[in-house]
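Input: a single structure, listed below in structure tokens.
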Amino acid sequence: MSIDRRFYELLGPVSVSDLATLTGAAVHGDSTAQVTGVSAAHNARRGEVCYFDGAKPPAEGDISPTAVACFVQEKYVEALPAGVVALSVAMPRSAHTLAAGSLLRLRSWTDQPQADVQTNIHETARIAPGAYVAPGAAIGEQTVIGPNAVIGPGVQIGRDCEIGANASVQCALIGNQVKIYAGARIGESGFGVTAGPNGAEDAPQYGRVIIQDHVTVGANTCIDRGAFDDTIIGEHAKIDNLCQIGHNVVLGRSVLVASFGGISGSVTIGDGAMLGGRVGIADHVKIGAGAQIAASAGVFREIPPGDKWGGTPARPIRQWLKEVAWLQKQTGDGKRAK
Amino acid sequence: MSIDRRFYELLGPVSVSDLATLTGAAVHGDSTAQVTGVSAAHNARRGEVCYFDGAKPPAEGDISPTAVACFVQEKYVEALPAGVVALSVAMPRSAHTLAAGSLLRLRSWTDQPQADVQTNIHETARIAPGAYVAPGAAIGEQTVIGPNAVIGPGVQIGRDCEIGANASVQCALIGNQVKIYAGARIGESGFGVTAGPNGAEDAPQYGRVIIQDHVTVGANTCIDRGAFDDTIIGEHAKIDNLCQIGHNVVLGRSVLVASFGGISGSVTIGDGAMLGGRVGIADHVKIGAGAQIAASAGVFREIPPGDKWGGTPARPIRQWLKEVAWLQKQTGDGKRAK
Amino acid sequence: MSIDRRFYELLGPVSVSDLATLTGAAVHGDSTAQVTGVSAAHNARRGEVCYFDGAKPPAEGDISPTAVACFVQEKYVEALPAGVVALSVAMPRSAHTLAAGSLLRLRSWTDQPQADVQTNIHETARIAPGAYVAPGAAIGEQTVIGPNAVIGPGVQIGRDCEIGANASVQCALIGNQVKIYAGARIGESGFGVTAGPNGAEDAPQYGRVIIQDHVTVGANTCIDRGAFDDTIIGEHAKIDNLCQIGHNVVLGRSVLVASFGGISGSVTIGDGAMLGGRVGIADHVKIGAGAQIAASAGVFREIPPGDKWGGTPARPIRQWLKEVAWLQKQTGDGKRAK
């Protein structure tokens, strides 16, 4: 992954040997290799350390051969691509989390401004009382930042945007004519949990949120930043109040998400799809362009483009409604169930 | 509709001819007629422009004969009431949205105070550190505004109220002894989406929120302002955390809404109705007085007064429970489904 | 219950006679007895007034014999334990609420600092711009309070914690290495509603929130304080965005709650239990250690340790999936329902 230095500080490079000491891992390969960043396994680039924690041995493509090193259980050391240094350890993901903390650091609300970064607030932008714009942020022409809103270090906001009262934005690049209503939370850490030696731990979240032009984000809605990639909200997408958009989600153009929409991590939703109220979508599911999902549906698998689905678990809406009617008939007024 | 000038600025009048130029519409009638406001079609008053975008021709009463003009598809031009100027256009609702922007404007957080409007904070009211009270607001006797809360321009709050930390209130009239907990969002724009030439657009929201005496609003709950009418919360209504109350909703007296209650736009709920946790109600549905809705229900149609309903789609609770038990019996331990 | 004076002011003692006058109750017993606090009935201690409002007479253990007095309907006056003064009244719970207000008071955002209480912010703690730390709070070593966050009177926060932008915390004791993301609401009043003479009333909420070490609380999540006891979040528990944790809930170690998790009042969840997205749990339900609950489930009864459940109403996941498949088979493609 590519780290955006406006949001994260690079702390490395760190040697493989140092990561081994930090995590208690055994090195299988060149311990002097230098590590500069972290990544998921499938797309790790030169200098990046990843992890593999599958129940079966890694398949072709699971681990990028350009990774410098990979935390892995000892039994899979031999299964890594040639040239990737193995760091064998009992809990690879937890070790990776620990390593990440020595390589990257989210810029803090209370950091000193970076010497080489300018804060850039357009002269026609208006910052309401109590709003806080952190060093290194950029606010475009005619954009209004509401009272007591918070804009994080390095955040870029385009022109003609409205940021509501008490909203907060961090680790985000925001286009033009975007509206973010009161209390929305853009760019918080996603929900990535891994097992550690003493209990559950938070997995590292070093991505961003990209919000394209003409997007509207409802009040108290949350859009998490990506883990190792970006969360992306396409042009003209309209998101109602109290929705949750997880890390790495990609929403297409003009996608509509009604209230309490819950889009789990790494879901992709095609252009023009429409989600009724309190629709939930499980992680990594793909929703086709123009699909329509009825209110209250719980979606656990792919929906083809243009389809209408409903129910929990979601299925084509005709099938769902047929089941509802049939079941009622079996048990309804004056009829004994057979 | 009647526009509350404490919250909105009137920008007109604008001639029908000007609106035609702005929206690319063709005028059928008096192009010099003056337009002062916008409205929904069924209750448009003198001077107001509305739109009609039905799939079938307008029926009696669909379009108020007092409207000055109406955006409409060309095929329905002749179907408008006599005296209403037709503005024919391919996308009537989108044109209406554009027109609204030239007639009305939400007062901004950063406007200069209005010369003729006083801010009126009672001497016994207490404003905590960091709270922002905008010009033109009124805060009653003994009312406490929490730290970093935000009160919008022209908002009226009665006596003995508590506004929580980081809560925000705009476009709202609030009675006495009302409690609004931390992070609640009162008066944000409702979720009205219309198709525009380049993708989804936000429909205009020019109403208010009315909260009557003794109401309690939970933490991080959102109550949207009306679109062309008001959202109304009746006396002694009690709303839990993280609920969503859509535009134009009318809640009766002592209505109870447990956490994650989702009340879609234009729903009406009668006095004393009780909603369990995460109940969702589809738009325009009526819930009778004293109705009880079981937790998790998804309500798609009217519930009569005093009835108990549950399930998704919701049905009388006895029927729902009968279905649940019957289905379990068909498939349960040691029994083969027939 | 034990009242934490850092959060509540004791207004009493008040005589039983005075409470009778305040509430219109009739005294059956010693009207000069002094009342110092309020409590639930089963664990009321010396000096505390409770209420009983059951549909059947109180059973052994329902009312603590150490209570000084108990509001009760007249028909149950004789059923109270010996030595507990009966205060007979038509609406016992409403009377108790009224009495509570004369005995206890939540310290307000705008109170003068208490003379004998120090504010204690460690020299290495960092308070971001716009954050408000109320008098009597303590902030530990290296802890960061985000911009426009609010920390209430007497709140104790340990070391190496992160409190997000616009978050608020009151009536809470927070351990070390705790992360509370932006907009989270810790310690607001729980949803306790009682019938009063003029409509629904808020029941008193005089407890606290205890958050143990290494807990993470997601953005815009709400954790209510206890009513008469504490809400407790165990070590390493990880709670996603937009969750609701009700009053008196006890979460074990390393419990995981995904987005839109709704945990109703007095629920207990054992160590290591995992809740998928938008799981709802009804009040007073027990979830065993290591239980797994599928996304979208609505849980109305106890789940044994280690079990996997799903559906609404929730049942063992195998049974739920069997029902889903069977129902689909009865009504699916080319097959007529029998």
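The values are calculated or read from the model by the stated rules, or taken from the named source; none is laboratory data. The structure displayed is predicted, hence computed values, not measured ones. Note that each Cβ is placed from the backbone with ideal geometry, even for glycine, and that neighbours are counted across all protein chains shown.
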Task: Selected residue [polar (S, T, N, Q) and in contact with a Phe, Trp or Tyr (Cβ under 7 Å, 6 or more places away or on another chain)] from A:120, A:166, A:148 - done: A:148
Open item on the list: So for the range B:298-308 (the condition being within 14 Å of chain C (Cβ to nearest Cβ) and in contact (Cβ under 8 Å) with a residue 24 or more places away in the chain), does at least one residue qualify?
Closed with: no
- [ ] Pull up the range C:152-163, narrow it to residues that are within 14 Å of chain A (Cβ to nearest Cβ) and crowded, with 24+ Cβ neighbours inside 10 Å, then point me to the one that is nearest to residue C:236 (Cα to Cα).
- [x] C:161
- [ ] Report, by residue number, each residue of the range A:273-283 that is in a strand (DSSP E or B) and either within 7 Å of another protein chain (Cβ to nearest Cβ) or out of contact with any Leu (no Cβ under 7 Å at 6 or more places or on another chain) (or both).
- [x] A:280, A:281
Open item on the list: Checking the conditions here, which among C:72, C:49 is touching a Leu at 6+ places or on another chain (Cβ under 7 Å) and free of Cβ contacts under 8 Å to residues at least 24 places away in the same chain?
Closed with: C:72
- [ ] With the checklist (1) in contact (Cβ under 8 Å) with a residue 40 or more places away in the chain; (2) touching a Ser or Thr at 6+ places or on another chain (Cβ under 9 Å) in hand, flag the one item residue C:185 doesn't pass.
- [x] (1)
- [ ] Could you please find all residues in the range A:243-272 being away from chain B (no Cβ under 11 Å) and either farther than 23 Å from residue A:191 by Cβ or modelled with pLDDT under 95 (or both)?
- [x] A:270
- [ ] For the range B:317-329, name all the residues that are more than 8 Å from chain A (Cβ to nearest Cβ) and either under 10 Å from residue A:327 (Cα atoms) or of a type outside the set (D, E, K, R) (or both).
- [x] B:317, B:320, B:321, B:324, B:325, B:328
Task: Answer from A:149, A:99, A:67 - the residue that is aliphatic (A, V, I, L, M), surrounded by 19 or more Cβ atoms within 10 Å (Cβ to Cβ) and not assigned by TED's automatic domain parsing to the domain that holds residue A:15 - done: A:149
Task: For residue B:166: the one exception among (1) in a strand (DSSP E or B); (2) at the interface with chain A (Cβ under 9 Å from one of its Cβ atoms); (3) crowded, with 24+ Cβ neighbours inside 10 Å - done: (1)
TODO: Give the residue, chosen from A:121, A:127, that is away from chain C (no Cβ under 14 Å) and either among the hydrophobic types (A, V, I, L, M, F, W, C) or surrounded by 22 or more Cβ atoms within 10 Å (Cβ to Cβ) (or both).
DONE: A:121
TODO: Working only within the range C:170-199, note down all residues that are facing another protein chain (nearest Cβ under 8 Å), assigned to a strand (DSSP E or B) and buried (at least 24 other Cβ atoms within 10 Å of the Cβ).
DONE: C:185
- [ ] Please tell me if residue A:221 is away from chain C (no Cβ under 14 Å), among the β-branched types (Val, Ile, Thr) and touching a Cys at 6+ places or on another chain (Cβ under 7 Å).
- [x] no
- [ ] Exactly one condition in (1) in a loop (DSSP other than H, G, I, E, B); (2) out of contact with any helix residue (DSSP H, G or I) (no Cβ under 6 Å at 6 or more places or on another chain); (3) not basic (Lys, Arg) is not met by residue A:204; state its number.
- [x] (2)
Open item on the list: Based on this model, can you work out whether residue B:57 counts as surrounded by fewer than 21 Cβ atoms within 10 Å (Cβ to Cβ) and in contact with a Phe, Trp or Tyr (Cβ under 9 Å, 6 or more places away or on another chain)?
Closed with: yes
TODO: For the range B:312-322, indicate whether the set of residues that are among the hydroxyl-bearing types (Ser, Thr, Tyr), surrounded by fewer than 21 Cβ atoms within 10 Å (Cβ to Cβ) and assigned by TED's automatic domain parsing to the domain that holds residue B:180 is non-empty.
DONE: no
Task: Members of the range A:9-43 found to be buried (at least 19 other Cβ atoms within 10 Å of the Cβ) and either without any contact (Cβ under 8 Å) to a residue 40 or more places away in the chain or outside the structural domain of residue A:79 (by TED's automatic domain parsing) (or both), listed by number - done: A:41
Task: Selection from the range C:255-286 of residues that are touching a His at 6+ places or on another chain (Cβ under 9 Å) and buried (at least 24 other Cβ atoms within 10 Å of the Cβ) - done: C:255, C:264
TODO: Take residue B:62 and decide whether it is over 22 Å from residue B:192 (Cα atoms), out of contact with any Ser or Thr (no Cβ under 8 Å at 6 or more places or on another chain) and among the acidic types (Asp, Glu).
DONE: no
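Tally time: how many residues in the range C:241-297 are of a type in the set (Gly, Ala, Ser), closer than 22 Å to residue A:245 by Cα and touching a residue at least 40 places away in the same chain (Cβ under 8 Å)?
Applying the first criterion (of a type in the set (Gly, Ala, Ser)) to the range C:241-297 yields C:246, C:252, C:254, C:258-259, C:261-262, C:264-266, C:270, C:272-273, C:276-277, C:280, C:282, C:288-291, C:294-297.
Subsequent filtering for residues that are closer than 22 Å to residue A:245 by Cα retains C:258-259, C:261-262, C:276-277, C:280, C:294-297.
Those still in the list that are touching a residue at least 40 places away in the same chain (Cβ under 8 Å) too: C:259.
Adding up the residues that qualify gives 1.
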Open item on the list: Being crowded, with 24+ Cβ neighbours inside 10 Å and farther than 20 Å from residue B:262 by Cβ is the filter here; which residues of the range B:214-236 pass it?
Closed with: B:214, B:228, B:236
TODO: Kindly establish whether residue B:211 is more than 7 Å from every other protein chain (Cβ to nearest Cβ), crowded, with 24+ Cβ neighbours inside 10 Å, modelled with pLDDT of 95 or more and farther than 25 Å from residue B:104 by Cα.
DONE: no
TODO: Please give the number of the condition residue B:142 fails out of (1) buried (at least 21 other Cβ atoms within 10 Å of the Cβ); (2) more than 10 Å from chain A (Cβ to nearest Cβ); (3) on the phi > 0 side of the Ramachandran plot; (4) not β-branched (Val, Ile, Thr).
DONE: (1)
